Structures are given as C-alpha cells and as structure tokens.
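Visitor: Dumping the structure here so I can ask a few things about it.
The values are calculated or read from the model by the stated rules, or taken from the named source; none is laboratory data. Computed from a predicted structure; not experimentally measured. No Cβ is skipped: glycine too gets one built from the backbone with ideal geometry, and neighbour counts run over all protein chains shown. With ligands, DNA and RNA removed, areas are computed over all heavy atoms of the protein, side chains included. Shrake-Rupley method; radii C 1.70, N 1.55, O 1.52, S 1.80 Å.
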Amino acid sequence: MEQIRNEMKMEFQASSSNEGFARVTVGAFVAELNPTVDELADIKTAVSEAVTNSIIHGYEQKGGIIWIQCSIEGRKVEISVVDTGKGIQDIEQAKEPLFTTKPELERSGMGFAFMEAFMDEVEVVSEPGKGTCVTMRKTIGKG
C-alpha cells in the first residue's frame with residue numbers, strides 16, 4: 001500500500017503573540033493521524049519551544065519572519081521551524097540543559113532539551129548571521 005504524503009507551509013511574524021497560532025496550526029495539521037492527547041501535547045510543546053527560540057534568540061524580539069513546514073508520510077511527522085535571525089554560534093552548547101544566552105529574560109535554557117524529550121529526532125542547522133533551521137520528527141502511534 002502506497003503511503004500518501006501531506007504537507008503544509010506557513011509563514012508569520014516573529015512575535016510572541018503568534019506562538020500560540022503556530023502550535024495550534026501544527027496541532028490541527030497533525031490531527032489527521034489521530035494522535036493521543038500526549039502525542040499532540042508533545043508536538044505542540046516542541047513547536048512552541050522552537051518558535052520561541054526564533055523570536056527570543058534568533059530575532060532578539062526585534063521582529064522578522066518565521067517559516068514552518070510540516071509533512072506527514074505514513075505515521076511520521078516532520079516539522080521544520082526556520083528563521084533568518086542571528087544564528088547559533090555553538091549548537092552543542094545551545095543544546096545543553098540550562099544554558100541560555102538570555103538570563104536577564106529569565107529563560108530556563110531548556111528549549112532544546114524539551115524538543116529532544118518530546119520528539120523522536122531533533123536536528124539543528126545554523127549559521128551565524130544567516131539563521132537557524134530546527135527539524136523535528138516523531139512517529140505517531142508507536143505505543
């Protein structure tokens with residue numbers, strides 16, 4: 001049986017008021033797989049963390065555009081969150097739990113740790129001065 005691929009793309013302003021929009025939209029897209037409440041919450045939380053990182057760290061709350069691309073193939077979901085902000089100097093350091101470049105904003109430094117805990121795979125590609133792409137994958141219904 002051939003697996004059908006579905007995908008969607010969106011772009012929106014890098015404003016904290018749009019973080020909820022991003023999580024709800026991705027959640028609605030993934031709903032076709034009939035995820036459990038926990039699976040859906042995991043995906044929405046991971047999206048929130050990635051979008052918040054773009055707003056706070058990528059664009060330093062000065063505005064910009066965030067792009068999200070989602071695809072579903074079979075039971076596998078892939079979500080990419082992309083910005084053209086300042087990029088990440090040291091990805092491994094940024095992924096360390098409790099590390100933050102914005103302690104004055106009371107950031108917990110747990111964004112990447114949450115993404116990695118809630119998704120099956122997290123891939124981060126970034127170039128200083130050019131932006132960041134966070135791609136997350138999860139298989140729905142693994143049990």
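Visitor: For a test of understanding, tell me how many lysine pairs in the chain have Cα atoms under 15 Å apart, given they are 8 or more places apart or on different chains.
Guide: Eligible lysine pairs with Cα atoms under 15 Å apart amount to 7.
Visitor: Suppose all protein chains stay in the model; what accessible area per residue would a 1.4 Å probe give for the chain, in Å²?
Guide: With the other protein chains kept in place, the chain gives 55 Å² per residue.
Visitor: Another question about this same structure. Give me the percent relative contact order of the chain, please, defined on Cα pairs under 8 angstrom at least 6 residues apart.
Guide: 27
Visitor: With all protein chains present, calculate the accessible area of THR84 using a 1.4 Å probe and round the result to the nearest 10 Å².
Guide: Solvent-accessible area, nearest 10 Å²: 80 Å².
Visitor: List, in order, the whole-Hz ³J(HN,Hα) value for each residue of the stretch 6-23 obtained from phi through the Karplus relation with A = 6.51, B = -1.76, C = 1.60 and θ = phi - 60°; use x for Gly and Pro.
Guide: 3J(HN,Hα) across the stretch 6-23, in whole Hz: 10, 8, 8, 9, 8, 9, 7, 5, 7, 10, 4, 5, 9, 4, x, 4, 5, 5.
Visitor: Here's another thing I want to ask about it. If exposed means no more than 11 neighbouring beta carbons inside 10 Å and the site is in a DSSP loop, what's the longest run of the chain without any exposed GluC sites (Glu not before Pro)?
Guide: 3-105
Visitor: For the stretch 35-79, run through the trypsin sites (Lys or Arg not before Pro) and keep only the ones in DSSP coil with at most 11 other Cβ atoms within 10 Å of their Cβ.
Guide: LYS62
Visitor: Specify the angular offset, from 0 to 90 degrees and rounded to the nearest 10, of the alpha carbon long axis of helix 37-53 from the longest principal axis of the alpha carbons in the chain.
Guide: 30
Visitor: Sticking with this one: Percent of accessible area on the chain owned by carbon and sulfur, 1.4 Å probe?
Guide: That share works out to 50 percent.
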